[in-house]
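Engineer: Below: one structure in structure tokens.
The values are calculated or read from the model by the stated rules, or taken from the named source; none is laboratory data. All values reported here derive from a predicted model rather than from experimental measurement. Cβ placement follows ideal geometry from the backbone for every residue including glycine, while neighbour counts extend to all protein chains displayed. The accessibility values were calculated without ligands, DNA or RNA, using every heavy atom of the protein model including side chains. Shrake-Rupley method; radii C 1.70, N 1.55, O 1.52, S 1.80 Å.
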Amino acid sequence: MPVYTRSYRNYEGTFRRRGRWMLIVEQELRILVKGKIFQFLCLGAFLHWLLRLFQVVAYDVIMQDPNHPMAAMLQQAKFLTVNETAFFDFLRIQAPMVFLICLLAGSGMICNDVRNNLMEVYFSKPITWRDYALGKLLSLVFVGLGFTALPAIVLVVIHNLLAPGWETLTTTIWWPVEIAAFSLVIVLPFALGILACSAVMQSQNYAGITAFMILVANGVIAALLAGFLQEENYLLLSYPMSLDRIGQAIFHQPNPVFNLGWGWPMAFVAMVCLLCSVIITRVVRRAECAP
Amino acid sequence: MALIELEHVEVHYGDFKALDGVSCEIDGGSVGLLGPNGAGKSTLMKTLLGFNRASTGSVRLLGHEMPRGALQVRQELGYMPEREVVSPKVSAVSFLTYVGQLFGMVRVDAMERTHEVLNYVGLGEARYRKMETYSTGMLQRVKLAQALIHDPKLLLLDEPTNGLDPDGRLEMLDLIAGIGQRRGVTVVLSSHLLPDVQHVCKRVIMVQHGRVVEDNSIEALTAPRDGQFEVQVHGARASFLDAAEKLGVTCVQQRNELLLLQVPEGGSGEVLFRAAQEAQTQIRHLEPAKSSLAEVFMEAMKTPPTPSDEDAA
């Protein structure tokens, strides 16, 4: 005999009003981490981080010790130097991974809710379109930052622990800020773009393919324009190149990919973000009419 | 103050007028929203929820003006949508816990309440399986459970028996009837199936072409008609009718053996016995004539469409 009775009972607990968007973030992350492909991509990202960890250890422990037997050999390998360039490269290499993860996690976020009629259910609860959109966006942003800013900042901390001292501290003091800023520049537009594709498409596959094609087509068009017109500034129209240019400015890198100042690519990225935000807002607000 | 107050509500989808001056009040109990497909029932439900804005008129729910007060109203309202709802990658337990949290329950409370509600709707061990593996009946139960999780004061159910087999349908209707009989819970059930509404509701609002064409209790709608009787006679039927006619009785309808007769104003069934006596016939069956809900519905649905409906068609 079951220990429960099949009768309707009144709920006697309390309701509290806290950020409902946080619940949406939690739920999305809970679903995401159970996915096999996500776990596989995490492994890929973790391997890259391990390589960078090896670089930090090699630089701080071996190259700084002149008596170490491998020191002379590693002194030749300039690419092992831990500086702003190393972190810029780390984030640049993580960017395609972040794009793939956002694609995997975000391409179905809105269209699947629409297709499975979940919008009606969610908006019959006391949540607003802002809670919904913010929850979906932040879940992607947190995942993205988890693959960029978080591991990079951990590397900075490890670097400081392995080579403690005033000089390291003063050199690296702004690195976490630079890392966080560039990570956001990578993650936020990707997240917004993929969510916008998810909002306008009817299926996860179409949304994913559309986002991917836009990115590829955009790069190809910019490269063709720059090549045919012999003007490298047209590379500004390539989204990855624009991100690179902003990253170069943030990490004080020489030899920019094109000569225009960082303000132009920043404006381009901001414009894309704005456009995507408008699309997401329109679609989500259409589902929820309440102010 | 009524729980739901609608005053001259009009809702447009582009040029099409989906609701055309709907006015009604609902204050407790179980109310059926009855109408054919496309009559405006779902639009009315969505207007109550604040998904649709009324272009004219006012909508008040639980004392709040809609859609301005939608968030407060939704805290106390449960909604079971018409279409299939599924969160494929999660179990019913996980989905309902999440929904409970969206209402503001803490996770532990939401989890406990989830199991209570799932027990109530009769979803057994399947609750731990991913929802993508559920049958239509199971998904209907989950849909009802998500509407009940926060113990709402007002329950809006849009075609809750869609896609259910006869047993499942009856079980679902019993569940809903059970909720409707509880004090403090108002159920608004939208359906195009008369037996569903009759099973659950005490009052019915019939909608056609976006307008309320009938709004009354089922008891009143199916009450005996004034001065009308259903009669079955044995013997010379024609002479009985002649005799009855002489006594001022008119024959409204003849259906096989049954006669539907209207006695003169102020008269009773006695006049029919007199007619039978004069015609040397026997009355085998006599009862006051009642309309079935189906008849009332068919009558109400004869309401002609407005010019705007015809334009849209």
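Engineer: Just counting partner chain Cβ atoms within 10 Å, what average do the residues of peptide B:114-126 show around their Cβ?
Structural biologist: That works out to 2 on average.
Engineer: Find which of A:Thr170, A:Ala211, A:Ala71 sits farthest along the positive direction of the dipole of chain A, computed with +1 on the beta-carbon of Lys and Arg, -1 on that of Asp and Glu, about the Cα centre.
Structural biologist: A:Ala211
Engineer: How big is the C-alpha Rg of the range A:36-289 next to the rule-of-thumb value 2.2 N^0.38 Å, as a ratio?
Structural biologist: 1.15
Engineer: Still on this structure: Between helix A:175-200 and chain A, what is the angle of the helix's C-alpha long axis to the longest principal axis, kept within 0 to 90° and rounded to the nearest 10?
Structural biologist: With both axes taken from Cα atoms, the answer is about 40 degrees.
Engineer: What whole-number value in Å² describes the accessible area per residue of the protein assembly as shown for a 1.4 Å probe?
Structural biologist: Using a 1.4 Å probe on heavy atoms only, each residue of the protein assembly as shown averages 47 Å².
Engineer: Related question: Taking the Cα centre of chain B as origin and charging only Cβ (+1 Lys, Arg; -1 Asp, Glu), how large is the dipole, in debye to the nearest 20?
Structural biologist: Around 940 debye, computed over chain B.
Engineer: Evaluate the distance, in nm, between pseudo-label points positioned 7 Å from the Cα of A:Leu169 and of A:Glu231 along their respective Cα→Cβ axes.
Structural biologist: 5.1 nm
Engineer: Moving on. Which value, in debye to the nearest 20, describes the size of the charge dipole of the protein assembly as shown about its Cα centre when Lys and Arg Cβ atoms bear +1, Asp and Glu Cβ atoms bear -1, and nothing else is charged? Walk me through the numbers before you get to the answer.
Structural biologist: Details: 51 positive and 57 negative charges, 274 e Å.
Computed charge dipole of the protein assembly as shown: roughly 1320 debye.
Engineer: Just need the relative contact order of chain A here, percent rounded to a whole number, with Cα pairs under 8 Å and 6+ apart.
Structural biologist: 22 percent
Engineer: Then there's this: For the charge dipole of the range A:36-289, defined by +1 on Lys and Arg C-beta atoms and -1 on Asp and Glu C-beta atoms about the Cα centroid, which residue among A:Ile62, A:Val269, A:Ala149 has the Cα displaced farthest towards the positive pole?
Structural biologist: Most positive-ward Cα: A:Val269.
Engineer: Along the charge dipole of chain B, Cβ charges K/R +1 and D/E -1, which of B:Leu286, B:Met45, B:Ala223 sits furthest on the positive end?
Structural biologist: B:Met45
Engineer: Work out which residues of the range B:25-74 lose at minimum 40 square angstrom of accessible surface when the other protein chains are put back, relative to the chain isolated, with a 1.4 angstrom probe, and list them by number.
Structural biologist: B:Phe51, B:Arg53, B:Leu71, B:Arg74
Engineer: Right, something else. Efficiency by 1/(1 + (r/R0)^6): what FRET value for B:Ala294 and A:Lys36, r their Cβ-Cβ distance, R0 = 60 Å, to the nearest 0.05?
Structural biologist: The computed FRET efficiency comes out at 0.65.
Engineer: Let me ask you something else. What distance in nm separates the simple spin-label points at B:Asn37 and B:Met1, each placed 7 Å from Cα in the Cβ direction?
Structural biologist: Placing both labels 7 Å along Cα→Cβ, they lie 4.0 nm apart.
Engineer: In the range A:112-152, which residues become less accessible by 40 Å² or more once every protein chain is in place, relative to the chain on its own, using a 1.4 Å probe?
Structural biologist: For the range A:112-152, once contacts with the other chains are taken into account, A:Asn116, A:Asn117, A:Leu118, A:Glu120, A:Val121, A:Tyr122, A:Ser124, A:Lys125, A:Pro126 lose 40 Å² or more.
Engineer: Summing Lys, Arg as +1 and Asp, Glu as -1, what charge do residues with Cβ under 15 Å from the Cβ of A:Asn218 carry, A:Asn218 excluded?
Structural biologist: 0
Engineer: Run lengths n ≥ 4 of DSSP H only: what is the helix-derived mean residue ellipticity at 222 nm for chain B, with -39500 (n - 2.57) per run over all residues, to the nearest 500?
Structural biologist: On the way: 12 runs with 113 residues, N = 313.
My calculation for chain B gives -10500 deg cm²/dmol from helical runs alone.
Engineer: Straight-line reach only, C-alpha to C-alpha below 28 angstrom: list the lysines that B:Lys46 could link to, leaving out same-chain residues fewer than 8 apart.
Structural biologist: Filter leaves A:Lys125, A:Lys136, B:Lys17, B:Lys89, B:Lys143, B:Lys153, B:Lys202, B:Lys302.
Engineer: Using a 7 Å offset from the Cα along the Cα-to-Cβ direction at both A:Asn10 and B:His115, what is the distance between the two label points in nm, to one decimal?
Structural biologist: So the two model labels end up 2.3 nm from each other.
Engineer: With a sphere of radius 15 Å drawn around the Cβ of B:Ser58, what net charge do the other residues whose Cβ falls strictly inside it have (Lys, Arg +1; Asp, Glu -1)?
Structural biologist: -2
Engineer: Computing the accessible area with a 1.4 Å probe over protein heavy atoms, can you report the carbon and sulfur percentage for the protein assembly as shown?
Structural biologist: Summing carbon and sulfur atoms, their accessible area is 59 percent of the total for the protein assembly as shown.
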